[in-house]
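Q: Before I ask anything, let me first share the structure, which is written out below as structure tokens.
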């Protein structure tokens, strides 16, 4: 099994700090493929992980996983636009 390094952007750290108490305690299973979706239209691998009412946006570059945002599902589209990422 290969090892990956995980890093969080400043926005992701702020998002995690702002999560309400009950959401912080939710357990997330990364092993359920139905909860992970690749987002199309970006020049790199960008994924969305569903965890309850929250979404984790992250990108994968070989052995580096960068968590970009941890947001409420209602704010997903707005957050994607605010990331200002170039679309293909």
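The values are calculated or read from the model by the stated rules, or taken from the named source; none is laboratory data. It should be emphasised that the depicted structure is a prediction, and the values quoted were computed from it without experimental measurement. Heads up, the Cβs are rebuilt from the backbone with ideal geometry, glycines too, and the neighbour counts pull from every protein chain shown.
Here is a yes/no grid of residues against (1) surrounded by 14 or more Cβ atoms within 10 Å (Cβ to Cβ); (2) modelled with pLDDT of 85 or more; (3) closer than 18 Å to residue 8 by Cβ:
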site	(1), (2), (3)
21	no, no, no
38	no, yes, no
50	yes, yes, no
55	yes, yes, yes
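Q: OK, next. Taking the residues in region 63-83 that are surrounded by fewer than 12 Cβ atoms within 10 Å (Cβ to Cβ) and at pLDDT 85 or above as candidates, determine which candidate is farthest from residue 8 (Cα to Cα).
A: 74
Conditions (1) assigned to a strand (DSSP E or B); (2) within 11 Å of the chain's Cα centre (by Cα); (3) touching a residue at least 40 places away in the same chain (Cβ under 8 Å), marked per residue:
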residue	(1), (2), (3)
37	yes, yes, no
43	no, no, yes
47	yes, yes, no
69	yes, yes, yes
74	no, no, no
78	no, no, no
